Amino acid sequence: MPVSIYNTLTRRLEPLAPIAPPKVGIYVCGMTVYDYCHLGHARAFLCFDIVQRWLRAQGYAVTYVRNITDVDDKIIKRAAENGELPSALTERFIAAMHEDFDALGMQRPDFEPRATEFIPQMLDIIGLLQKAELAYLAGDGDVNFAVRRFPGYGKLSGKSLDDLRAGERVAVADAKRDPLDFVLWKRAKPGEPQWDSPWGPGRPGWHIECSAMASSALGQTFDIHGGGPDLIFPHHENEIAQSEGAFRQPFANLWMHAGALRVGDEKMSKSLGNFKTIREALKDHDAEVLRFFLVRPHYRSQINFTPDMIGEARAALTRLYRALDEVPVESAQLDWTEPHAQRFAAAMNEDFNTAQAVSVLFDLAAEVNRSRSVAHAWQLKALGGVLGLLQRPPQEFLQGGEPDGDAARIEGLIAERGAAKKAKDFARADGIRRQLLAEGVVLEDKPGGVTAWRRQ
């Protein structure tokens, strides 16, 4: 079935029409690595993890590119505060980012370019812009993009030039011809990382990095460009202006943006100080529960991060794992002709509607509970795997991944309860059940005298 995607640029659903089918090129703006990633970042990147997983499952040959910004004002400032080299700071946080993303089950991108590796390509683009009279050398030594000289500026964000303001990362300086102009190349300052250029020593502006990395990896026009909601303006707007101004052709055919993760009435962000890092959250919550919480809603919807919502996610995921615990399967092979799988595919093909796809998983779980069907259990596990879910042994999840010592204690109490029941000491057996229930451990007696347990 064809895949339809909501295009931020046109504000409508459009069919995916790859430039060179079955190849699909996806570029997603990645992290600026000066600190640990928070759950808002996880929300955005998990959305595109699902996108590339689904397109691969549909038979597309995906090239997934997610960049790293490793030179930036915030990096330089944090490194100076720490008394370390910017390169040492970025290496440390790149390693931490990989640890956190791996824990959440994100597949690594096919390419993960770093900004500092693409300085020559950035200089080439700036040269083309200057030749087209879209860039100018300002009196302070910076090279700026002349926004009002690019006719299509504002088409992604839907803003008129009169409504626009300089972006949060763009300082309005007297040397600019217009407050809306943004920097392409920054003149070197003492003690900062710098590279030679035709305009003197300096370093790139933030926006030019992605134009260089995306076009180098995927071509001057590619299929899908993605990112978080806060990147629409100014970052993605500026990417379009400088890329199309330099290359004279469309930059990306489809633009995708994930919905924000909110805390109360505000977006989770470092600038607001209302964030929770991924590694902090992993201390309190199971990684798969966090993944389920973040990928279950439609990727364009906003989510509120609250303890109640995490609790609901855990309870829902527990229902799916309990179905697999009743009818265990070692491996799973998808049958796309089966009705549940067809409904799942239809949901995912309509703008990656994970909310509807997950509802199919619950329908399958209900069928497994009713019929004890191995075939439906296979489908449940296999379809869950498409979303990066339900691949653990059910008991591992249901027992909460607690330390071995605690699990051994629980197993000892269960054995003691079994012995008490054999000896007809039902008071003691019931007492052990009540004790464990008070600790949040639920016992389930199964045929053959086997007792399974799980955490509430």
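The values are calculated or read from the model by the stated rules, or taken from the named source; none is laboratory data. Quick caveat: nothing in here was measured; it's all calculated off a predicted structure. Because the Cβ atoms are built from the backbone with ideal geometry, glycine has one as well, and the counts that use them run over all protein chains shown. The area values use the complete protein model at the heavy-atom level, side chains included, leaving out ligands, DNA and RNA. Shrake-Rupley method; radii C 1.70, N 1.55, O 1.52, S 1.80 Å.
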Checklist entry - Percentage of Cα-Cα pair distances in the stretch 267-345 greater than 14 Å, rounded to whole percent? => result 74
Next on the checklist: Given the stretch 316-391, report the % of alpha carbon pairs whose separation exceeds 13 Å.
Outcome noted: 60
Checklist entry - Quick one: helix 86-103 against the long Cα principal axis of the chain, what's the angle to the nearest 10°, folded into 0 to 90? => result 30
Checklist entry - What's the extension gain from residue 117 to residue 315 if we count 0.36 nm per residue and subtract their Cα-Cα distance? => result 66.8 nm
Next on the checklist: Would the stretch 1-152 count as rounded, prolate or oblate if I go by the C-alpha gyration tensor, calling it rounded below 1.5 in a/c and otherwise prolate when a/b exceeds b/c, oblate otherwise?
Outcome noted: oblate
Checklist outcome for this item: Ordering 291, 114, 92, 148 by the accessible surface of their heavy atoms, 1.4 Å probe, largest first, yields 148, 92, 114, 291
Checklist outcome for this item: Helix 374-386 sits off the longest principal axis of the Cα atoms of the chain, rounded to the nearest 10 on a 0 to 90 degree scale, by 20
Checklist entry - How much FRET efficiency would the formula 1/(1 + (r/R0)^6) give for residue 159 and residue 363, where r is the Cβ-Cβ distance and R0 is 51 Å, rounded to 0.05? => result 0.75
Checklist entry - If amide H atoms are built 1.01 Å from N in the plane of the peptide, which residues on other chains or at least 5 residues away come under 5 Å of the amide H of residue 24? => result 61, 62, 63
Item to check | Net charge dipole size for the chain [Lys, Arg +1 and Asp, Glu -1 on Cβ; Debye, nearest 20] | outcome: 780
Item to check | the chain, helix-only ellipticity at 222 nm - DSSP H runs n ≥ 4, -39,500 (n - 2.57), divided by all residues, nearest 500 | outcome: -14000 deg cm²/dmol
Checklist entry - Over the chain, one equal point on each Cα, no solvent: what is log10 I(q)/I(0) by the Debye formula at q = 0.07 Å⁻¹? => result -0.44
Next on the checklist: Need one number: nm distance between label points at residue 98 and residue 434, each 7 Å from Cα along Cα→Cβ, rounded to one decimal.
Outcome noted: 5.4
Next on the checklist: Treating only the Cβ of Lys, Arg, Asp and Glu as charged (+1, +1, -1, -1), what charge dipole size does the stretch 267-356 show about its Cα centre? Round to the nearest 20 debye.
Outcome noted: 580
Next on the checklist: Taking only Cα atoms of the stretch 133-251, what ratio of Rg to Rh do you get with Rh as the Kirkwood inverse-distance radius?
Outcome noted: 0.95
Next on the checklist: Multiplying the sequence separation of residue 442 and residue 423 by 0.36 nm and subtracting their Cα-Cα distance, what value in nm do you get?
Outcome noted: 4.6 nm
Item to check | C-alpha long axis of helix 237-247 to longest principal axis of the chain, angle in ° | outcome: 60
Item to check | Net length gained if the chain between residue 287 and residue 178 were fully extended (0.36 nm per residue, minus Cα distance) | outcome: 34.5 nm
